[in-house]
Ligand code: 13P
Ligand code: SF4
């Protein structure tokens, strides 16, 4: 239950926007003692106003350590939910409550409970991109930056269910040599990259390195010079002696890549559709305007039943302990 004593906006909601959104958000940040956490897939202007930008692991760590009273989560629902699981007494705001995730949706709790019941000797390792209900049924949570390391820490003779992303699961299997029982979920953004167009792009830019997120399909990953989480891709681009990269993940990350490297160039990997890039339709539901309004109106707020929260907290804490 939310127990903050912060004054709440009652009655009608503010819909007017101030002329200077950046200044208004900064002043609301002081007023609410709020922290703005943003994923790399957010619009550039949201990234620019955030107190912390990161991948799912970095954002979870920040959420577990913050002293703020209010967490404004510029990301998708499962991320804000994770922040709420870690901070039951804080107000956690998500600028657009419809910002879901195709991967989380690809693992419905009832079907997963049945799957788990059929494999009772298995330990359940779930990718953080899942609902609180799935987390509550899991033994350990992982993210794309620690999945390989976490699976390596589990005794070799222990059978493992890996959910919900089959592509990250296949990548972990290849890296660890372990046989994982995979839930067949996937991300609509990362499964939409075209291998054919990627190969064509590489022919046009032979000097460019291909860097890819492990949520991509094996057909794309096999062309990658480097595979990693969004933070790992950013670090790689900064440290690589190469100056041009084809980026096979959501193109929001390119904003930070351009900011943190000097004169390097980044080309979004092409999707199968006729669009030029592959933006996540869920992540991009958040806008700077909605972020301001969520702070002003103190809604939409993430809520979660205490029973599910406590059950979901345990595997998240286990992940944080195993990835120190
Ligand atoms: P990371 O934040 O772990 O890189 O994962 C990317 C993603 O798809 C988040 O939705
Ligand atoms: Fe979900 Fe994929 Fe969007 Fe990440 S990029 S939030 S996994 S749909």
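The numbers here are math on the coordinates, done by the rules we state, and not lab data. All values derive from a computational prediction rather than experimental measurement. Counting neighbours? That spans all protein chains shown, and the Cβs are built from the backbone with ideal geometry, glycine included.
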Label point distance in nm, residue 219-residue 299, each placed 7 Å from Cα along Cα→Cβ | 4.6 nm
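Counting other C-beta atoms within 10 Å, which of 314, 298, 222 has the fewest, and how do the rest follow?
So the ranking, lowest neighbour count to highest, is 222, 314, 298.
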Euclidean distance between Cα centres, segment 59-131 to segment 219-245, Å | 27 Å
Using the alpha carbon gyration tensor of the chain, what are the three equivalent-ellipsoid semi-axes (square root of 5 times each eigenvalue), largest first, in whole Å?
-> 31, 27, 16
State the Cα centre-to-centre distance between segment 150-206 and segment 273-324 in whole Å.
-> 23 Å
So between residue 114 and residue 240, what do we pick up on full extension, going 0.36 nm a residue minus the alpha carbon distance?
-> 40.8 nm
Here the gain from full extension of residue 157 to residue 262, 0.36 nm per residue of separation minus their alpha-carbon distance, amounts to 33.1 nm
Under 14 Å from a label point 7 Å along Cα→Cβ of residue 306: give me every residue in segment 65-89 with its amide N that close.
-> 88-89
Per GNM of the chain with C-alpha springs under 10 angstrom, the most fluctuating residue out of 241, 271, 281 is 241
Compactness of segment 183-238 - radius of gyration and Dmax, Cα, Å | 11.7, 37
Per the helix-only model, the chain has a calculated mean residue ellipticity at 222 nm (DSSP H runs of ≥4, -39500 (n - 2.57) each, divided over all residues, rounded to the nearest 500) of -11500 deg cm²/dmol
Decide, for segment 262-324, between rounded, prolate and oblate: order the square roots of the alpha carbon gyration tensor eigenvalues as a ≥ b ≥ c, take rounded if a/c falls under 1.5, and otherwise choose prolate if a/b is larger than b/c, else oblate.
-> oblate
Name the residue, out of 157, 48, 139, whose mean-square fluctuation peaks in a Gaussian network model built on the chain with Cα pairs under 10 Å.
-> 157
Segment 183-324: translational diffusion in µm²/s, Stokes-Einstein, Kirkwood Rh over Cα pairs, 25 °C, 0.890 mPa s = 141 µm²/s
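Nearest-5 percent of antiparallel DSSP beta bridges in the chain?
If we restrict to bridges inside the chain, about 5 percent are antiparallel.
Want the number for residue 197 to residue 277: 0.36 nm per residue separation, take away the alpha-carbon distance, what's left?
Between residue 197 and residue 277, full extension yields an extra 27.6 nm.
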